[in-house]
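Q: Here it is, the structure, as structure tokens.
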Amino acid sequence: MSIPLETIRDLYIHMEWADARIWASVLGRKNQPTDPRLHDLRFHFHFTQRAFLQVWTGQKVDRYDPKRFPTLPELCPWARSFHADAGSFLGTLDGSDLDRRVSPPWVRLFEGQLARTAAPTTLGETMLQVAYHTHYHRAQVNTRLREMGAEPPLVDYIAWLWLERPAPEWLPGD
């Protein structure tokens, strides 16, 4: 499956915009939530973003401990830094790079669950996985915000398109 590089770039710009909106929604509240579920979800998908980026760039995958970021305000700058790093990485790619085979080290764990050898994946496919995985967990964060009495922000891709692809707006100090 050949994935256009511009599609990946577009999805990653949207991903940052949506992540920034969610962070602003959480951190911009007078009574910032201290909900452990909200923290765990945010940590999980930002850790996954970072782990894949480390695989793509040939770095050792850091085993980040969630206790390193005990509060959401401490987690946000680390989460935000992924987007700058991912944008820099995307700037180094051309379309043919997306067809390069990528095998994350954790694939062996899933092979045990699948009871079979995992099929090969490409850089482009794993980049889509990160965008989809983030979207999935961002929806869980929005659900949790609603359960806590907050109105979560609209972060749908189509809304971003209708708004003419606005740039991410992080809260000052994030």
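Just so you know, all these numbers are worked out from the coordinates, no wet-lab data involved. Here the structure is a predicted model, which means the values were calculated and not measured. Please note: Cβ atoms are built from the backbone with ideal geometry, for glycine as well, and neighbour counts cover all protein chains shown.
Q: What are the membrane-span-like helices in the chain by this rule: whole DSSP H runs, Cα extent along the axis at least 20 Å, mean Kyte-Doolittle hydropathy at least -1.0?
A: The answer, listed by residue number, is 5-27, 36-56, 72-91, 123-147.
Q: Here's something else I'd like to know. Grab the Cα-Cα distance for R100 and D65, subtract it from 0.36 nm times how many residues apart they are, and report the gain in nm with one decimal. Show your work: numbers first, answer last.
A: Values: separation 35, 0.36 × 35 = 12.60 nm, distance 2.99 nm.
In short, 9.6 nm is gained.
Q: Average projected area of the Cα convex hull of segment 1-82, in nm²?
A: 6.3
Q: Starting from the Cα of L90, move 7 Å in the Cα-to-Cβ direction to define the label point; list residues of segment 126-154 whose amide nitrogen is under 19 Å from there.
A: Flagged as within label range: 126-139.
Q: Can you order the peptides 105-112, 51-58, 144-151 by their average number of other Cβ atoms within 10 Å per residue, highest first?
A: The densest-packed peptide leads the list: 51-58, 144-151, 105-112.
Q: On to the next question. Using modelled amide H (1.01 Å from N, peptide plane; none on Pro or chain starts), what sits under 5 Å from the amide H of V102, excluding residues fewer than 5 places away?
A: Those lying under 5 Å, H to H, from V102 are T121, T122, L123.
Q: Shifting gears a bit: Under 1.5 on a/c is rounded, so check that first for segment 60-135, then, if it is not, pick prolate when a/b is larger than b/c and oblate when it is not; a ≥ b ≥ c are the square roots of the alpha carbon gyration tensor eigenvalues. Don't jump to the answer; show the numbers that get you there.
A: Values: a/c = 2.51, a/b = 1.25, b/c = 2.01.
In terms of gyration-tensor shape, oblate.
Q: If I stretch the segment between Y132 and W162 completely, what's the gain in nm (0.36 nm per residue apart, minus their alpha carbon distance), one decimal?
A: This chain segment gains 8.8 nm when fully extended.
Q: Given Cβ point charges of +1 (Lys, Arg) and -1 (Asp, Glu) and nothing else, what value in debye, to the nearest 20, does the dipole of segment 42-157 about its Cα centre take?
A: Approximately 400 debye in magnitude.
Q: I've got another one for you. Among L90, L109, Q59, flag the residue with its Cα farthest along the positive direction of the charge dipole of segment 55-118, charges on Cβ as +1 for Lys/Arg and -1 for Asp/Glu.
A: Of the listed residues, the answer is L109.
Q: How big is the equivalent ellipsoid of the chain along its three axes, where each semi-axis is √(5λ) from the Cα gyration tensor, reported in whole Å from largest to smallest?
A: 27, 20, 15
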